[in-house]
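S.K.: There's a structure below that I have some questions on.
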Amino acid sequence: QVQVVESGGGLVQAGESLRLSCTTSGWIGSVGTGAWYRQTPGKQRELVAGIGEDGTTTYVDSMEGRFTISRDNAKNTIYLQMNTLKLEDTAVYYCNVALGWNTYWGQGTQVTVSS
């Protein structure tokens with residue numbers, strides 16, 4: 001059974017850093033493109049950053065420079081390094097990965113930034 005599990009969220013103060021991880025298990029084959037999204041109550045889920053199977057990255061303009069997406073294919077894991085966190089970064093962060101012809105979502109991990 002395929003599982004996509006995010007981890008690394010938590011409560012931090014503004015200006016601090018967090019690294020989120022997204023690990024895929026139960027899949028025989030390579031993990032394709034991956035992306036991190038985030039969602040706050042009452043708002044649509046929004047893209048934060050994406051990474052191709054070859055490591056090519058894309059960022060939403062407002063995230064670039066503070067957030068870095070990366071991957072370790074040997075561990076089937078995609079990371080999101082978040083630096084200089086702001087209050088408005090508070091959200092549930094979700095990972096989405098392409099496995100074969102389908103995409104899978106994780107359950108999300110809460111990031112809360114306090115002043």
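S.K.: Need the C-alpha centroid separation for the stretch 31-67 versus the stretch 73-108, integer Å.
M.R.: If we compute the Cα centre of each part, the gap is 7 Å.
S.K.: Classify the stretch 65-111 from the C-alpha gyration tensor, please: rounded if a/c falls under 1.5, else prolate or oblate depending on whether a/b exceeds b/c.
M.R.: Oblate is the answer for the stretch 65-111, as a/c is 1.5 or above yet b/c matches or exceeds a/b.
S.K.: Taking the radius of gyration and the Kirkwood hydrodynamic radius from Cα positions alone, what is the Rg/Rh ratio for the stretch 1-86, to two decimal places?
M.R.: Across the stretch 1-86, the Cα-based Rg/Rh ratio is 0.97.
S.K.: Near the amide H of THR33, under 5 Å away, which other amide H atoms are found, from residues 5 or more places off or on another chain, if H is placed in the peptide plane?
M.R.: HN-HN under 5 Å from THR33: GLU53, ALA98.
S.K.: So for the pair TRP27, ALA74, with labels modelled 7 Å out along Cα→Cβ, what separation do we get in nm?
M.R.: 2.0 nm
S.K.: Run the dipole for the chain about the Cα centre, Lys and Arg Cβ at +1, Asp and Glu Cβ at -1, nothing else charged, and hand back the magnitude in debye, nearest 20.
M.R.: Charge dipole, the chain, about its Cα centre: 180 debye, nearest 20.
S.K.: What net charge do the residues around GLU88 carry, taking every other residue with its C-beta under 12 Å from that of GLU88, with Lys and Arg at +1 and Asp and Glu at -1?
M.R.: Counting the neighbours of GLU88, the net charge comes to +2.
S.K.: Tell me the carbon and sulfur percent of the accessible area for the stretch 1-78, rounded to whole percent, probe radius 1.4 Å.
M.R.: 47 percent
S.K.: Leaving out ligands and nucleic acids, and using a 1.4 Å probe, what accessible area per residue does the chain come to in Å²?
M.R.: 54 Å²
The values are calculated or read from the model by the stated rules, or taken from the named source; none is laboratory data. These figures come from a predicted structure and were not determined experimentally. Here Cβ is always computed from backbone atoms with ideal geometry, including for glycine, and neighbour counts include all displayed protein chains. Side chains included, ligands, DNA and RNA excluded: accessible areas come from the protein's heavy atoms. Shrake-Rupley method; radii C 1.70, N 1.55, O 1.52, S 1.80 Å.
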